[in-house]
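Read the structure below first, then the notes.
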Amino acid sequence: MSRPERLIDENGRRVDGRRADELRPIRMEVGVLDKSDGSAYVEFGGTKVIAAVFGPREAHPRHLALPDRAILNCRYHMTSFSVEERKPLGMTRREIELSKVIREALETVAFLEEFPRAAIDVYVEVVQADGGTRTAGLTAASLALADAGIPMADLIAGVAVGKVDGQLVLDLCDLEDKYGEADMPVAMAPRFNSIVMLQLNGRMTVEEFKRGLALAKKGIDEIYRLQREALKKKFSKISPEEV
Amino acid sequence: MPIYFTEHEIVVPGQLLSDNGKRSGEGTYTHGGKIYAARIGFASIRDNKVVVTPFKAAYKPAPGDWVVGIVSDVKPNGFEIDLGRHLKGTIRIPDREEVISTGLNVGDVVYVRIKESGLSGVVIDKRSRIRRIESGILIQIHPAKIPRLIGRRGSMINLIKRLTGCEIIVGKNGFIVINGPSPEAEFAAVKAVKMIEEEAHISGLTERVEKLLRELVGGAGAPSS
Amino acid sequence: MALAPKKDLTAKIMRSKIYSLLLQDKRIDGRKPTDLRPIKIETGLLSKAEGSALVSMGSTKILTGIKVEVGVPFPDRPDEGTFTVNAELLPLASASFEPGPPDERGIELARVVDRSLREGRVLDLKKLCLIEGEKVYVLFIDIYVLDYDGNYFDPSLISALAALATAKLPRYDVVDGKLQKTGEYFTPEIRSLPFTVMVGVIGEKFLLDPQLEEEKVLDVSLVMGADEKGNITCVQKNSPGQVPLELMDSIVDIVIEKTGEIRRKFLQEVPVKLAESP
């Protein structure tokens, strides 16, 4: 994959034809796996992730269990064929870092005190990476948690914003991530209007940073709407008469 | 009180339900004096409280619950019982000889009653008989679906028992053991239980279960009473 | 040392139930002892992998992707391309799979699939040579178990074959001893389609393609495979326990029959024409 001459053309269109503030086509499906307690598939354009949740279940090893709440474990992992150059097996430093920031985001909304001594395990598997995998992964993980019946204060929606050819753009694809000037993954708990994940790779001016956050918020509101729709869709066959 | 949902609307975590934080019930939480949904489920008002009846929820043991478990460990002072996922129950028997005399071993399936559940874990009531289940198909369904499986005053479970002739032991933790007069009858009962798990909230469930069972066993599982 | 993974707790009554049903030629999910679960095959779902397939057998789901690189041949086979198979039992597939490097089960799965492909002579490795002794195609066949409801062997091999049969390898021209991408792609020739069937033994009875509840109570299990010519291409006794010798004749016969059934299904779902084998 080589750098295109321009990442944004004279009409303001990006490499995949989008406008600066446009999301890629998004697909979400809840409950895609049988053997986990909750699961979700999320697609942002070419980025495809699956998340699954197990728990609450017994904490292993037992000495890690907390007397007053559940521990939340998270693993973000990419399949070897999810990227252009085959990723070697095993966890990279990047995957370990992203596992941590995803876990810390989920901890802000899950009511862990409901399950003393237990563990809740969240697994995010990136099947194909085309930019924004951690935010898509977090978006899927929060759906999987809700699907597992874990009580939560809110869903979490995330998207990356970035700077490409000097312009702020929403929902970076791989090319823009690689050859752009900045990549800033943002995730929020929209109900509380608060940030639950925030990282920056690259440089921005203060003014760009502020506008970037606002742009992320705009995308997140749309993603959040799609999440609620996807969750309700899974259970939509249901009618309340016999509850 | 101002509410922001229609009765029995499907709600998702974070959804605003009411401005009156004082009326927050099961499946909800309050923030800034307002009520929000904490789970995915149906929102409704029950006993003047806003509640969310979850589609899925982990089993929370309560004293008096009858549960089905698998013996997972034998210790000098009793047994450890696997109650599914994250729950272990303990049967405390102070006397080692008595532990041996029960004849229980790892892998045995038991039907027991919970005495207490708290900081010291789940303790099994010894005064109620500890019943070892000798045979049957053990299946697991989502604990949140158990009330629906039992039905009003046992109507649903009795329907399955009557049409298939099976004996069905239901643990509140979601473990179920089915024993029937024939493999076909057991298979039909398993299918009916799975149908209830998957379609618990779709209306007309009783009729569908009955139709399924009549197709599978022709209602001839048991001699009519 | 290969550490034995922690064994799942199983209810003793399930073994007696599954066995007593088997005595009546029945199973807990309504299948006959020799019935396989429904197989679903989807290919070409991913664009960054040169080949990909998602295969389900009942609720067991496997995703396989193939990455292609140009590398150096083995010194003793200077005119042949190479392939390696890896398998991971992802923790999202089952409460009993732990995160971490592949344990002995994952490695066994990879090697069983690898041997099936190799001994089945699926690929003509000579056609994957670019410059003899210097440059050859290197195929990485990576298998991920996504959802585990027993028997990950058979669907893993199906998905590896489906990914291979639909893979798109970049074509190169050799110009002055150097490789140049032509921008064109080709699908590797498939010469043979060996499949496996997992056989579970309880007492003196056996069943095929165990689902998880059955797999947990088996006395012993075997993975056996055959190609379209009736050659046995894979055998692996893959659990502790002893296989009664007198069962083997009927097991071999049923494996030949059932791998044929899988092959017919495969040929319906995957666009592949078998090349002449040497």
To the nearest 0.05, the calculated FRET efficiency linking B:Ser101 and B:Ile202 through their beta-carbon distance, R0 being 41 Å, is 0.25
Beyond 35 Å, the calculated P(r) of the protein assembly as shown holds a percent of Cα-Cα pairs equal to 52 percent
GNM of chain A, Cα pairs under 10 angstrom: of A:Glu113, A:Glu181, A:Glu104, the biggest fluctuation goes to A:Glu113
Per the C-alpha gyration tensor (a ≥ b ≥ c, the square roots of its eigenvalues), region B:66-133 is rounded if a/c is under 1.5, else prolate if a/b beats b/c, else oblate; here it's rounded
Computed from the beta carbon distance with a Förster radius of 41 Å, FRET efficiency for C:Val174 and A:Val15 to the nearest 0.05 stands at 0.80
Two pseudo-spin positions, 7 Å from Cα along C-beta at C:Ile232 and at B:Ser128, lie apart in nanometres by 5.4 nm
Excluding residues fewer than 8 positions from B:Lys60 in its own chain, the lysines with Cα under 17 Å of it are B:Lys88, B:Lys115, B:Lys145, B:Lys172
Scoring only Lys, Arg, Asp and Glu (+1, +1, -1, -1) among other residues with Cβ under 15 Å from the Cβ of A:Arg13 yields -4
For the pair C:Ala95 and A:Lys218, the simple spin-label estimate (label points 7 Å beyond Cα toward Cβ) gives in nm 4.6 nm
Mean separation of Cα contacts under 8 Å (at least 6 apart) over the residue count of chain C, i.e. the relative contact order in percent, is 20 percent
Quick note, region B:9-54: a/c under 1.5 would make it rounded; otherwise a/b > b/c is prolate and the rest oblate (a ≥ b ≥ c, C-alpha gyration tensor); here it is oblate
Quick calc: nm separation of the 7 Å Cα→Cβ label points for C:Glu204 and C:Phe186 -> 5.6 nm
Per the C-alpha gyration tensor (a ≥ b ≥ c, the square roots of its eigenvalues), chain B is rounded if a/c is under 1.5, else prolate if a/b beats b/c, else oblate; here it's oblate
Taking R0 as 41 Å and r as the Cβ-Cβ distance between B:Lys88 and A:Glu104, the FRET efficiency 1/(1 + (r/R0)^6), rounded to the nearest 0.05, comes to 0.90
Given pairs A:Lys234/C:Lys40; B:Lys126/C:Lys216; B:Lys56/C:Lys17; A:Lys232/C:Lys17 and cut-off 27 Å on Cα-Cα distance, the over-length ones are B:Lys126/C:Lys216; B:Lys56/C:Lys17; A:Lys232/C:Lys17
Asserting the computed 222 nm helical MRE of the protein assembly as shown (DSSP H runs at least 4 long, -39500 (n - 2.57) per run, divided by residue count, to nearest 500) equals -8000 deg cm²/dmol
Across B:64-76, the residue-averaged tally of Cβ atoms belonging to other chains within 10 Å stands at 1
Connecting every pair of Cα atoms under 10 Å apart in chain B and solving the GNM, the largest mean-square fluctuation among B:Gly69, B:Gly107, B:Gly174 falls on B:Gly107
For region B:9-54, the per residue accessible area (1.4 Å probe, Å²) is 39 Å²
Across A:152-159, the residue-averaged tally of Cβ atoms belonging to other chains within 10 Å stands at 4
For region A:26-234, dividing by residue count, accessible area per residue (probe 1.4 Å) in Å² works out to 36 Å²
Note: C:Leu23 to C:Lys40 extended length (0.36 nm per residue) minus current alpha-carbon separation gives 3.1 nm
Burial-style ranking of B:78-85, A:56-63, average other-beta-carbon count within 10 Å with highest first, yields B:78-85, A:56-63
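The values are calculated or read from the model by the stated rules, or taken from the named source; none is laboratory data. From a predicted model like this one, the values you see are computed outputs, not experimental measurements. Note that each Cβ is placed from the backbone with ideal geometry, even for glycine, and that neighbours are counted across all protein chains shown. These accessible areas exclude ligands, DNA and RNA; they are computed on the full protein's heavy atoms, side chains included. Shrake-Rupley method; radii C 1.70, N 1.55, O 1.52, S 1.80 Å.
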